[in-house]
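Structure first, commentary second.
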Amino acid sequence: MPATILGLGMALPKKVLTNFDLEKMVDTSDKWIFERTGIKERRVAENESCSDLGALALKNALIDADLSPEEVDALIVASGSPEMIFPSTACLIQEKLGLKKEILAFDLQAACSGFLYGLAVADALINSKAYKKVALVGAEKITAFVDWEDRNTCVLFGDGAGAAIIGSTPQAEFGLVSFSLYADGSKAPLLCIPAGGSGMPASPETIKNKKHFIQMQGREVFKLAVKNVASACQEVLKKAKLFPADVDFFLAHQANERIINAIASQLGLSAEKIVLNISRYGNTSAASIPIALTEIYNSGKLKKGSVILLAAFGSGLTWGAALLRWSKDFSRKVKNGERDAENQNN
Ligand code: COA
């Protein structure tokens, strides 16, 4: 009985910030941003908190899975921008949705790789047989850590949330097939938020020096992402005894369209297999994979048996890939758009 995805949901903040809006804020242009990243616009949370977005995404995923909140046995929230250092955003979401008390609820910090890491943890929890239904949320209000005066980073990020319900399937050929996950702490300085943790607590000095914002060496991250992720993708395919030609959808963390295309080209994957929504949302960190997965599912493109190659990379550095054979029939509720109109803020 392999672990599999039983339901998907997403939530987005209302406010849209376009490249043209950014042109008025920093020395940049729509042309530069689009050519270098593939981004046209992103969402920015104003009144919505990280747990608001995560709770709404999870609510939608539960509806899709046809489950009630009481049926959730464990809740993992992957986030690089949790609402507080503690308590966990998972506990805040648990309270908002009225999940039962007899659950495991915790945050997972693996930055933009968080959803993929979370999928591996959920897979292990399901395979342990101690948990039947695991809710996995990727939720971000990452723009809270963006320096809107730094053109190197502010054009890249956006907010949002996506969620998946992981359970098991009696069909042995479906579900989560293989994982390859990595971390390399020697590359931590390449992408970090230096202050606000116990290492550099908030002070007038840290605020003055903008140490609470994302700092990034973009070119280095770009090169490592392509090299490392392509190799992890090859590994998961090998473990599953599959070839790039068997992949129906290549769904990589939406950080930069050029990074995604470069990985796909190293793998020999054709353009029509690449899932892209970065133009509309930018880099939503741990939320990007579940949002993109929810969108292709809602579009009706995923068929039972579709082979999905998932890939991610982020601060840590962390990176990895996973192979999923889609096991769910397309939901009529979603097809009619009823759920979206009712529950999504977009
Ligand atoms: N608008 C206009 N010009 C900009 C700019 C912006 N928003 N940001 C940077 N530039 C300038 C730079 O200052 C530089 O100018 P210079 O040549 O006069 O010094 C020039 O554009 C080229 O900068 P460079 O950093 O070489 O560009 P790039 O092609 O590497 O693209 C990134 C920059 C950030 C888009 C790219 O490196 C990237 O996406 N890296 C990965 C980052 C990432 O995905 N991080 C999250 C991982 S989860």
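The values are calculated or read from the model by the stated rules, or taken from the named source; none is laboratory data. Remember, predicted model here, so these are calculated numbers, not experimental data. Here Cβ is always computed from backbone atoms with ideal geometry, including for glycine, and neighbour counts include all displayed protein chains. With ligands, DNA and RNA removed, areas are computed over all heavy atoms of the protein, side chains included. Shrake-Rupley method; radii C 1.70, N 1.55, O 1.52, S 1.80 Å.
Report, please, the projected area of region 60-208 averaged over directions, based on the convex hull of its C-alpha atoms, in nm².
Result: a mean projected hull area of 11.2 nm².
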List the aspartates and glutamates whose alpha-carbon lies under 19 Å from that of residue 239, not counting same-chain residues fewer than 8 positions away? 123, 173, 248
Charge dipole magnitude, Cβ of K and R +1, D and E -1 - the chain, Cα centre, debye nearest 20: 640 debye
Can you compute the FRET efficiency between residue 243 and residue 66 using 1/(1 + (r/R0)^6), with r the Cβ-Cβ distance and R0 = 35 Å? Round to the nearest 0.05. 0.50
Excluding near-sequence neighbours (fewer than 8 apart on one chain), region 1-117 holds lysine pairs with C-alpha atoms under 18 Å apart numbering 9
In the chain, taking the dipole from +1 charges on Lys and Arg beta carbons and -1 charges on Asp and Glu beta carbons about the Cα centre, the listed residue (311, 145, 203) farthest towards the positive end is 311
Volume per residue of the C-alpha convex hull in the chain, rounded to whole Å³: 130 Å³
Checked region 122-246 with the C-alpha gyration tensor, a ≥ b ≥ c its square-rooted eigenvalues, rounded below a/c of 1.5, otherwise prolate if a/b is larger than b/c and oblate if not; verdict prolate
Run the accessible area of the chain with a 1.4 Å probe and give the carbon-and-sulfur part as a rounded percent. 54 percent
Can you compute the helix-only [θ] at 222 nm over the chain? Use -39500 (n - 2.57) per DSSP H run of at least 4 residues, normalise by all residues, nearest 500 deg cm²/dmol. -10000 deg cm²/dmol
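Extension gain residue 258-residue 34, at 0.36 nm per residue separation less the Cα-Cα distance, in nm?
Length gained, residue 258 through residue 34: 79.6 nm.
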What FRET efficiency do you get for residue 27 and residue 301 if R0 is 41 Å and r is their Cβ-Cβ distance, rounded to the nearest 0.05? 0.55
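Which percent, nearest 5, of DSSP beta bridges in region 3-173 are antiparallel?
Bridges in region 3-173 that DSSP calls antiparallel: roughly 65 percent.
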Roughly how many Å² is the accessible area per residue of region 175-325, as a whole number, for a 1.4 Å probe? 42 Å²
Given a 1.4 Å probe, how much area per residue of region 3-173 is accessible, in Å²? 40 Å²
Kyte-Doolittle cut-off 1.0, length cut-off 30 Å along the helix's own axis using Cα: show which whole DSSP H helices in the chain pass. none
